[in-house]
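What follows is calculated from the coordinates using simple rules that are stated; it is not laboratory data. Just so we're clear, the structure is a prediction, and the values are computed from it rather than from any experiment. We place every Cβ from the backbone using ideal geometry, glycine too, and count neighbours over all the protein chains shown.
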Amino acid sequence: MSLLTLAGDTMLLKGSPSTLLYKHGDTVFLVDPGHGKKRAKQLSKAVEKLGGEAVAIVTHFHSDHFSTLYQASNPPPSWPQGRTFPWLDTAP
């Protein structure tokens, strides 16, 4: 895992897409958490290292920007208008 410090409490986890992490108090904001189980593990380790509760911010509704949230949650998060995305279960 390559967590780069950009400035102060702002970090970047490279990938596709890259995830911006911002620590503020006891909260770690994850901007575009990404896709895949590997990314979920990387983010879990990063949040554990930084300490605090993770809050995700998704810039737009493309699966490569948010499916890690679905894969890392049990039960999966709620989506607008009760939508579900079973195809996310098959992501690598």
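Values for this structure:
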read-out	value
Packing-based ranking, highest mean first, of 22-34, 49-61 given that Cβ atoms within 10 Å are counted	22-34, 49-61
Label-point separation, K41 to T10 (7 Å along Cα→Cβ), nm	3.0 nm
